[in-house]
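**Student:** Mind having a look at this structure? Questions to follow.
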Amino acid sequence: MIDKKTIEHIAKLARLHVTEQEAIEYSEQLSKALSYFDQINKVDTNGVEPLVTPTEIESFWREDEAKEEFTAEEMTANAPAKAGNLFKVPPVV
Amino acid sequence: MDLTLASFSEIAEAVQSKKVSAKEIATHFHARIEKLNPKLNAFTFINGNAVHDAEALDKRIAQGENIGPLAGVPFGIKEMLCTKGLPTTAGSKILQNFVPPYDSTVVARLKKSGVVVMGKLNQDEFAMGSSNETSFFGSVKNPWNTDCVPGGSSGGSAAAQAARMVAGTIGTDTGGSIRQPANFCGLVGVKPTYGRVSRYGIIAYASSLDQAGPMVSSVKDAALTMEAICGFDEHDVTTTQRKVPAWSKNLSANVKGMRIGLMKEYMKGSINSDVQATVDKAIDTLKKMGAEFVEVSVPMTEFAVPVYYLVAASEASSNLARYDGVKYGYRAEMGNLSAVDLEDFYGKTRGEGFGKEVKRRIMLGTYCLSSGYYDAYYNKAGQVRRMLMNQYLEAFKSCDVVLSPVTTSPAFKIGERVYDPLTMYLNDIYTTSTNLAGLPGMSVPFGMSQEGLPIGVQLTATHFEEQHMLNVAYALEGASDVKGAKPHVF
């Protein structure tokens, strides 16, 4: 059971403001979804290595050289707020 | 040549030999987009420079340049793929003003082959949905019946292609988002093997499942598109270094002796009678052509939907952490920035910027990855995933292709399933296991419901053996009585 307190904890971890109404809704929906998902516990997976990438990753070499693919102007062009080529953010310390 | 219905080869040949200019083709399709989009809401952004881009191709041809196998072919691109200078929003408010400074590898390769990008196509927000009802830009309508959904998440691609607002489209498929809308709109939709197509510049949903592919009107056009977009890319380490096969040249409708698997688990359950009839007819047709049918079993598919949602939501919660209101995208109104708490800044921006379904999946994924639950959910899902893949690989020892339905029913009504997330998730019952196992899969139209909605069949092959399924699809396409049927909005 995912109660409102758990929802608030998860929302904090996810850096996601949820409204009172959303918290109630998510608590019901997540409980329902997770109890449905719990059926995978029926499978005996003892000793099975979890699969992450389904096809083999083939390593390759490349030259270690600096490339300028983008300018600072291009990289900051979409910023909601900036000062010159710097992103403007709230105080972080 | 009827420009609206022309194949890729016909267009490219006509443009390269100067019989028809790329400009004329782009102008023709631009007019169709202007005329039909108000009825379907398939396009989110129309490329105002498309005709100009086409003219530039004409100039290069006039100078004797050989443009490429897709010379002058007009394409629509799903909002998931970065297009330099054209908005790329993933169907979300949080990216509503984002204009990328670069092309995704898929788009760059299409352009290199001569494609003209006509605009961007609507989709479920961050590709999370199977009905195109979660888009910030509103629902897309199915051209066969505008009361119905086009499917999702690549719903804009499906609707635009079915109504021939373009000659070709690109979608992305994480759990069925190419095959299911292709099925609902009467198209050929292919999800290549994981690792065939570079994910560089494609907005990430679930990185171990995401793969882009064509949603087009014929098997040959699909093969030509795949040849253009597949292949190693140093910007994506999961791309394979294998050579891209000449799929289009090797297409063969000769299925004599081919072994086609019918998966026990997919041939039971509550399937709509028109879907069942379409699958039965496909089996019968292929039998008459000399294909052999064998029964195969992949018992772990029973758990594909829960494993899929656990893996996808977990990876999404991590991938979507980057939307923080700093580098790009939406930022909540803050007033005096120096008085704002950083956590509130993130929380408010993300709370306002993401839609309901996306937040639901971020919450689910964060929960599954959180301390104390990681082993029970993400790890456990990964273990079942490996068992599922191994069973599939075993099944492919006794068959070349697996044939199944794509969905349990044809397109459903707008609004019909949107209120119950779990019912919506079950739309993906036949499609998610392909992504979990990294296999290539496709949908090819072969029937019509009594209400006049298209129905396709799903073909799946083992890793990197796309040719097998393309050939079976090619054989079915040649024998189909629904080929050439036009939707209501056209």
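**Student:** Taking the criterion of being of a type in the set (S, T, N, Q) and either without any contact (Cβ under 8 Å) to a residue 24 or more places away in the chain or surrounded by fewer than 22 Cβ atoms within 10 Å (Cβ to Cβ) (or both), would at least one residue in the range B:91-99 satisfy it?
**Tutor:** yes
**Student:** So which residues in the range B:396-411 are touching a residue at least 24 places away in the same chain (Cβ under 8 Å) and surrounded by fewer than 20 Cβ atoms within 10 Å (Cβ to Cβ)?
**Tutor:** B:398, B:408, B:409, listed by residue number.
Listed here are the residues, each with its yes/no results for (1) surrounded by fewer than 23 Cβ atoms within 10 Å (Cβ to Cβ); (2) within 14 Å of another protein chain (Cβ to nearest Cβ); (3) touching a helix residue (DSSP H, G or I) at 6+ places or on another chain (Cβ under 9 Å).
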{"residue": "B:5", "(1), (2), (3)": "yes, no, no"}
{"residue": "B:9", "(1), (2), (3)": "yes, no, yes"}
{"residue": "B:28", "(1), (2), (3)": "yes, no, yes"}
{"residue": "B:51", "(1), (2), (3)": "yes, no, yes"}
{"residue": "B:79", "(1), (2), (3)": "no, no, yes"}
{"residue": "B:106", "(1), (2), (3)": "no, no, yes"}
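**Student:** Which one is nearest to residue B:459 (Cα to Cα), of the residues in the range B:397-429 that are charged (D, E, K, R) and modelled with pLDDT under 90? Reasoning before the result, please.
**Tutor:** We begin by selecting, within the range B:397-429, every residue charged (D, E, K, R); these are B:397, B:400, B:413, B:416-417, B:420, B:428.
From what's left, modelled with pLDDT under 90: B:416-417, B:420, B:428.
Working: B:416: 28, B:417: 26, B:420: 29, B:428: 15 Å.
Restricting to residues being charged (D, E, K, R) and modelled with pLDDT under 90, the top hit is B:428.
**Student:** Okay, next question. Would the range B:232-250 turn up any residue that is of a type in the set (A, V, I, L, M), away from chain A (no Cβ under 14 Å), in contact (Cβ under 8 Å) with a residue 60 or more places away in the chain and surrounded by fewer than 17 Cβ atoms within 10 Å (Cβ to Cβ)?
**Tutor:** No.
**Student:** For residues in the range B:202-256 being outside any loop (DSSP other than H, G, I, E, B) and not hydrophobic (A, V, I, L, M, F, W, C), which is farthest from residue B:289 (Cα to Cα)? Talk me through it step by step, then tell me what you get.
**Tutor:** Going through the range B:202-256, the residues outside any loop (DSSP other than H, G, I, E, B) turn out to be B:202, B:211-216, B:219-230.
If we keep only those that are not hydrophobic (A, V, I, L, M, F, W, C) too, we end up with B:211, B:213-214, B:220-221, B:225, B:227.
Details: B:211: 32, B:213: 28, B:214: 27, B:220: 20, B:221: 23, B:225: 27, B:227: 27 Å.
By that ranking, first place goes to B:211.
**Student:** Would you check which residues across the range B:353-377 are outside any loop (DSSP other than H, G, I, E, B) and either more than 21 Å from residue A:30 (Cβ to Cβ) or facing chain A (nearest Cβ under 7 Å) (or both) and list them?
**Tutor:** B:359, B:360, B:362, B:363, B:364, B:366, B:367
**Student:** Please determine, by comparing only the residues of the range B:304-352 that are polar (S, T, N, Q) and within 17 Å of residue A:12 (Cβ to Cβ), which one is farthest from the other protein chains (Cβ to nearest Cβ).
**Tutor:** If we take residues in the range B:304-352 being polar (S, T, N, Q) and within 17 Å of residue A:12 (Cβ to Cβ), then B:318 is farthest from the other protein chains (Cβ to nearest Cβ).
**Student:** Right, here's the next one. Hey, among the residues in the range B:331-350 that are in contact (Cβ under 8 Å) with a residue 12 or more places away in the chain and assigned to a helix (DSSP H, G or I), which one's farthest from residue B:128 (Cα to Cα)?
**Tutor:** B:345
**Student:** Next question, about the same structure. Collect the residues in the range A:43-93 that are within 30 Å of residue B:380 (Cα to Cα), within 7 Å of another protein chain (Cβ to nearest Cβ) and of a type outside the set (S, T, N, Q), keeping them in residue-number order.
**Tutor:** Listed by number, the residues that qualify are A:43, A:48, A:49, A:50, A:51, A:52, A:54, A:57, A:58.
**Student:** Given (1) in contact with a Phe, Trp or Tyr (Cβ under 8 Å, 6 or more places away or on another chain); (2) assigned to a helix (DSSP H, G or I); (3) surrounded by 14 or more Cβ atoms within 10 Å (Cβ to Cβ), identify the lone condition not met by residue B:265.
**Tutor:** Only one criterion is unmet by residue B:265, namely (1).
**Student:** Still on this model: Kindly check whether there is at least one residue in the range B:296-303 that is part of a helix (DSSP H, G or I), closer than 30 Å to residue A:88 by Cα, more than 8 Å from every other protein chain (Cβ to nearest Cβ) and within 24 Å of the chain's Cα centre (by Cα).
**Tutor:** No.
**Student:** Go over the candidates A:33, A:23, A:11, A:66 one by one and state the one that is closer than 30 Å to residue B:95 by Cβ, of a type in the set (A, V, I, L, M) and modelled with pLDDT of 95 or more.
**Tutor:** On inspection, the qualifying residue turns out to be A:11.
**Student:** May I ask you to say which residue of A:24, A:2, A:10, A:40 is more than 7 Å from every other protein chain (Cβ to nearest Cβ) and crowded, with 18+ Cβ neighbours inside 10 Å?
**Tutor:** Criteria check complete, one pass: A:2.
**Student:** Against the condition touching a residue at least 24 places away in the same chain (Cβ under 8 Å), at negative phi and hydrophobic (A, V, I, L, M, F, W, C), how does residue A:86 come out, does it pass?
**Tutor:** It is false that residue A:86 is touching a residue at least 24 places away in the same chain (Cβ under 8 Å), at negative phi and hydrophobic (A, V, I, L, M, F, W, C).
The values are calculated or read from the model by the stated rules, or taken from the named source; none is laboratory data. From a predicted model like this one, the values you see are computed outputs, not experimental measurements. FYI the Cβ positions are ideal-geometry reconstructions off the backbone, even for glycines, and counts take in every protein chain you see.
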